[in-house]
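Down below is the structure, laid out as structure tokens.
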């Protein structure tokens, strides 16, 4: 038997999971769409045509056209660029900030825990949207600032989830054993506590991608995020609200795109969670 | 001979998990006479708890499957009863005490209410009457009646186990199954609880199956002893048969692994190896791979159960020969 | 006489909402090199806490700990690192004391990596294999995860990990109480062989008196954080003095038939270790307690060489 590293074992387990592989294929396709958008999209993002307003999906316009006569298919493809970025990066921001704060709070307990958690409680007490608006407004409207704003807004949720799982893991005797081996706090957190508390964090992260995309749309709607005419799934959704009753395709396709992203991430997340747990080898 | 309250005949229980079959209980035969206590001894994974759950009719299905056999309780086969009849029997005729008294009680109900609930469910008495009887039951297990209005967290481990016993005995069951009732308790508290159980047994004439891994507890409590290994009863007899004339290599191995309080042993004699994987039991005798007296025949075929005396049975041909002084 | 560890008036209090919890209260003893001190008592008597204070997983509230003559009660991080080489611990629960995401080899090798014992990988792998052999783990289980193994093998991993740094003292916290008897005997034999071969000193914390008798040279009996009796193992079983020791011994179920069963059944249960009242802590349950016992704490006295008792009623 050859010695394999932990991550090699994780990868082996992940690749055996059919659903997870499906998820990663869908995700890769979406990313390819985003990268090669100019090649794939038949029209430009801002090609307006008053002759072709509100056309239902047909051969010429696979996803139909919107109120300005723009091709929805092309806009969805281009939208992947912004939406995937917003979804993934803002979740990564909240994962890192919330995860680290939650882990520190749980690990050290006492005063540290109290200070961090009360601060996060204050953040949680402010509605997420208001908070994001405040941050985005103070940093100025741009894509990066919007991602930071959304990431910060979702961080307290992560902190709570991570804190709860770290609290139970730090009571395990193997953490005590690690201390006895002479491991520093940093090593204990990084090597023993974080890997064992990843599962709930991954679930939280995959669920949050969808929420982030929608939050981005709301911020954009308020003029604090992406400025039109840059296509973005959330913004397309909110723009279609007025036409929901008559022209279903305007909201259906951007909505499906978000759904597909979240769905594939969920599959990947579940697969990752199982792969990280050596107990579920079979 | 006393009347048998429970007869288990050729009982086989398997758990089917995906493609694997866990052979938890294999062709077990046991009898329990009225008023007697049977000690079920064996290591983790020997199938003791599964057997007890089988008698209670609480094997989860799936994954549990009862593959055959009979469980005759007062002459009637429990396996043929429907769900509703079994519910009535549980609690009224047969009840069970679990290992961990900490989790067996509902933390948001007073102990008095928890005892009363059982009474109201099975005996259909009024709330007031049930409350009164709950207090009497608490007194019976040595807890002052006025503590009935307290919550489980206000009791210590030993007290909680007493409450659990009070609940189990509330309807005066014919048969009590106790699954490691004192394992979670300290020795001085364990002795209190064992003493209580012994007294109640005499007072109420309850028959009992006591599951344990502690030979000390068995010797204190039981008239009959069954030694289980890998889902089979390998030796069965009175306490005297097992403690003084135990002859199955596994029984002897267990006794030899125990550190003794009375004599000095420079080294213990553990049984080598491990219990076989219950999904891949050997074709022959399950104990053969660990047995110092194993022969080729043992690896190929299981031994039949042999009656050594009227009360003493063993499932090993070598043990039969040693018992008869041939080896 | 070669004293390896000396503990003087060791105290460990915890702050709880209800007041000060006296987990370990004024415990003193010495251990000779290569011997085993058994520590027995019921749950909540502070025996595990004491073990953790000695290996510096918890900080002592008061008192002194000397290791090979040096005061190690308060140490800085460099000294602590050195101390980890000398004192290790084996945990009770072989299920929760091993990180489920690490393979057997990684678990055993972790202390070697942390202390950077080996510069090249070959020496490291050799040492891990050697440790596995010492504790009787087959080479093939090296790449398995702990959940794939049984309790006995897991406890062997815990022992190998504790041995990795070649410590002089090992605190064993109920190392066999989660195991079945046949496996328990295997592990006890292993621990005793290791002691013979490597000259280890054990502090063996347990609630099981037959196990402690088997493995210990000296036995310390604790009740509610205090020492009640300490003497050589044989003496404790043949000539015990303290009423609690007597009750404890008498409460052990005897695994034999046709013996006289005269169990002295103690009344009541252990009282709370939070803000204990003055007087002997065992007095509320003691059948011989007098006025004096309820008001005045008994001193620990050496009634004959090596035999210490804390009880007003013991005279000689």
From the option list A:180, A:265, single residue qualifying as touching a strand residue (DSSP E or B) at 6+ places or on another chain (Cβ under 9 Å) and buried (at least 18 other Cβ atoms within 10 Å of the Cβ) is A:180
Going residue by residue through the stretch C:249-271, is there one that turns out to be closer than 30 Å to residue C:61 by Cα, surrounded by fewer than 18 Cβ atoms within 10 Å (Cβ to Cβ), touching a residue at least 24 places away in the same chain (Cβ under 8 Å) and over 17 Å from the mean Cα position of the chain (by Cα)?
yes
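Within the stretch A:172-186, track down each residue that is more than 7 Å from chain C (Cβ to nearest Cβ) and free of Cβ contacts under 8 Å to residues at least 40 places away in the same chain. Give the derivation first.
Our first condition is that a residue be more than 7 Å from chain C (Cβ to nearest Cβ); within the stretch A:172-186, this holds for A:175, A:178, A:184-186.
Residues satisfying the conditions are A:175, A:178, A:184, A:186.
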Checked the stretch C:177-222 for anything at pLDDT below 90, in a loop (DSSP other than H, G, I, E, B) and under 25 Å from residue C:306 (Cα atoms); matches are C:207, C:208
Condition set over 20 Å from residue C:154 (Cα atoms) and in contact with a helix residue (DSSP H, G or I) (Cβ under 7 Å, 6 or more places away or on another chain), scope the stretch C:176-206, selection farthest from the other protein chains (Cβ to nearest Cβ): answer is C:200
Exercise for the section: Scan the stretch C:165-175 and give yes if some residue there is within 9 Å of another protein chain (Cβ to nearest Cβ), at pLDDT 90 or above, more than 19 Å from the chain's Cα centre (by Cα) and not in a helix (DSSP H, G or I), otherwise no. Expected result: yes
Taking the condition over 17 Å from residue A:247 (Cα atoms), surrounded by 15 or more Cβ atoms within 10 Å (Cβ to Cβ) and touching a residue at least 60 places away in the same chain (Cβ under 8 Å), does residue A:78 pass?
yes
From the option list C:80, C:57, single residue qualifying as more than 14 Å from chain B (Cβ to nearest Cβ), under 15 Å from residue C:170 (Cα atoms) and either touching a residue at least 24 places away in the same chain (Cβ under 8 Å) or not in a loop (DSSP other than H, G, I, E, B) (or both) is C:57
Review point. Among the residues of the stretch B:132-146, is there at least one that is in a helix (DSSP H, G or I) and within 14 Å of another protein chain (Cβ to nearest Cβ)?
Key: no
Subset of the stretch B:293-310, residues touching a helix residue (DSSP H, G or I) at 6+ places or on another chain (Cβ under 6 Å) and either surrounded by 17 or more Cβ atoms within 10 Å (Cβ to Cβ) or under 23 Å from residue B:239 (Cβ atoms) (or both), comes to B:298, B:303, B:306, B:308
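For the stretch C:91-141, enumerate the residues that are in contact (Cβ under 8 Å) with a residue 60 or more places away in the chain, within 13 Å of chain A (Cβ to nearest Cβ) and within 17 Å of residue C:163 (Cα to Cα).
Scanning the stretch C:91-141 gives C:91, C:92, C:94, C:97, C:98.
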Among the residues of the stretch B:225-241, the number that are touching a residue at least 24 places away in the same chain (Cβ under 8 Å) and either within 12 Å of chain C (Cβ to nearest Cβ) or in contact with a helix residue (DSSP H, G or I) (Cβ under 6 Å, 6 or more places away or on another chain) (or both) is 10
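Rundown of residues vs (1) in contact with a helix residue (DSSP H, G or I) (Cβ under 7 Å, 6 or more places away or on another chain); (2) at the interface with another protein chain (Cβ under 10 Å from one of its Cβ atoms), yes/no style:
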| site | (1), (2) |
| --- | --- |
| C:228 | yes, no |
| C:256 | yes, yes |
| C:274 | no, no |
| C:305 | no, no |
| C:308 | no, no |
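The values are calculated or read from the model by the stated rules, or taken from the named source; none is laboratory data. Bear in mind that the values here come from a model prediction, so they are computed numbers and not experimental data. Cβ atoms come from the backbone with ideal geometry, glycine included; neighbour counts cover every protein chain shown.
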